[in-house]
Amino acid sequence: MNGEVLYYSGISCRLIFRGACAINALNRLRHLVVLFVLGLTITACGSGTANVATRPPQATVTPRATLLPTVAALVPFGTVDRPYHIVLVPPAGSSVTGTALADFIKERTGLNFKVDIVATYADVLQALCIASPGNPPTFGWLDGWTLLTAQAQGCGTIMLRTQQNGAMGVKADIVISPAAQIDTLAVLHNRAKTRDFCRVSSDDDISWILPVVLMRTTPGFDPLTAFRNIRDYGDTTAMLQDVSDNKCVAAIASGTLSTYKLTNIADITRTVKVLATTPELPYGGLVASPDVPRPVASQVSSVFADHLDQLKDLVTADALVPATPADLADLQKTFDAGGFNLAALGS
């Protein structure tokens, strides 16, 4: 151990025992560390004259706006470029174009309209019910069946009903001879296999279609298969003659029985009676598609109702009467009870 020297920061000690010298050196080292840390603290808290290095700012990405494509302002309906549409089927032989009607409504409402003349009520229904973003809000003049269909499909709200000869539509009386001793549709159903049904034709509303709808409201009663025979007559009076003779059951326009004259029968009501009456099928009317604003629909309806003369040769009506879907509720219930799906018609 003699002759060994421990150096630390220019300080040396020659020790007889190396361990004592090492302890002394470590104490000096600890003091130096304390002084060094203290010096850094004083510098940081000093007057700020020390030259403290700072990091340069890091480059950041400058956000840039992404321009959206230009969207043209949507032109409202009722303008020259986007007129409301009125779709109708004129009476047979009519040559009216509808231009005068469009001009007249514009004068009264300040809105532009285009009148579309089509061939069938199915075309009117399609114009009302077609689902397309570009399809214009549409008014449609419909007959009774397509009016009910538009309402059932949710694509037409009835605004006006057409009146003809003082009536709003047609109903049918199912008639039978009192001699048959049948007083209800349920009894007729039970005894139908022993009877014939007489009608004008298979597509006649009064003598066949409306009675079928009503008879089917009796559970299990299907007139197409229930009767012994179904016979067609070209003449209503001849048909009623067989009803009077208790040869068949039939149907005629409601309330007209007493107007018929039969051979050798002074009073037809003694040999023919009304068994049941169907709900009323409307002649037709004006409906508005769901996208027609309610104020516009009401305004246009009022113009039509107050100026029926402007619809000459376009719509068959003696008067136009304001209407709501509630006016057709009874007929709708009858169809539902009979198992007819009006919403499926025309689709």
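The values are calculated or read from the model by the stated rules, or taken from the named source; none is laboratory data. Note that the structure is predicted; figures quoted are calculated from it, not measured. As a convention, Cβ positions derive from the backbone with ideal geometry for all residues, glycine included, and neighbour counts pool all protein chains shown. Accessible surface is based on the protein model in full, side chains and every heavy atom, while ligands, DNA and RNA are left aside. Shrake-Rupley method; radii C 1.70, N 1.55, O 1.52, S 1.80 Å.
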- Message: What's the total number of residues in the stretch 298-328 that are in a strand (DSSP E or B) and surrounded by 20 or more Cβ atoms within 10 Å (Cβ to Cβ)?
- Response: 1
- Across the stretch 206-233, which residue is most open to solvent (accessible area, probe 1.4 Å) among those that are under 23 Å from Y283 (Cα atoms) and of a type outside the set (A, V, I, L, M)? R216
- Task: Take L128 and decide whether it is out of contact with any Leu (no Cβ under 7 Å at 6 or more places or on another chain), of a type outside the set (S, T, Y), in a helix (DSSP H, G or I) and open to solvent by less than 50 Å² (accessible area, probe 1.4 Å).
- Result: yes
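Every residue, every condition in (1) of a type outside the set (V, I, T); (2) in a helix (DSSP H, G or I), yes or no:
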{"site": "L210", "(1), (2)": "yes, yes"}
{"site": "T218", "(1), (2)": "no, no"}
{"site": "I230", "(1), (2)": "no, no"}
{"site": "K247", "(1), (2)": "yes, no"}
{"site": "A250", "(1), (2)": "yes, no"}
{"site": "S258", "(1), (2)": "yes, yes"}
{"site": "P279", "(1), (2)": "yes, no"}
- Given the residues G285, G234, which is the only one that is among the small types (G, A, S) and under 25 Å from S95 (Cα atoms)? G285
- Query: Is there any pair with a first residue in the stretch 165-183 that is farther than 11 Å from A276 by Cβ and a second that is part of a strand (DSSP E or B) and hydrophobic (A, V, I, L, M, F, W, C) whose Cβ atoms are under 7 Å apart and which are 6 or more apart or on different chains, and what are they?
  - Reply: M168/V321; G169/L281; V170/A253; V170/L281
- Restricting attention to the stretch 234-245, and to residues there that are touching a residue at least 24 places away in the same chain (Cβ under 8 Å) and not in a helix (DSSP H, G or I), which single residue is surrounded by the fewest Cβ atoms within 10 Å (Cβ to Cβ)? G234
- Message: Take the residues in the stretch 260-277 that are of a type outside the set (F, W, Y), open to solvent by 30 Å² or more (accessible area, probe 1.4 Å) and in a loop (DSSP other than H, G, I, E, B); name whichever of them is modelled with the highest pLDDT.
- Response: T271
- Message: Within the stretch 186-205, take every residue that is over 18 Å from K171 (Cβ atoms) and β-branched (V, I, T) and give me the one that is least open to solvent (accessible area, probe 1.4 Å).
- Response: V187
- Query: Tell me, which residue of the stretch 81-116 that is touching a residue at least 24 places away in the same chain (Cβ under 8 Å) and basic (K, R) is least open to solvent (accessible area, probe 1.4 Å)?
  - Reply: R82
- Selected residue (only one of I182, I158 is buried (at least 21 other Cβ atoms within 10 Å of the Cβ) and modelled with pLDDT of 95 or more): I158
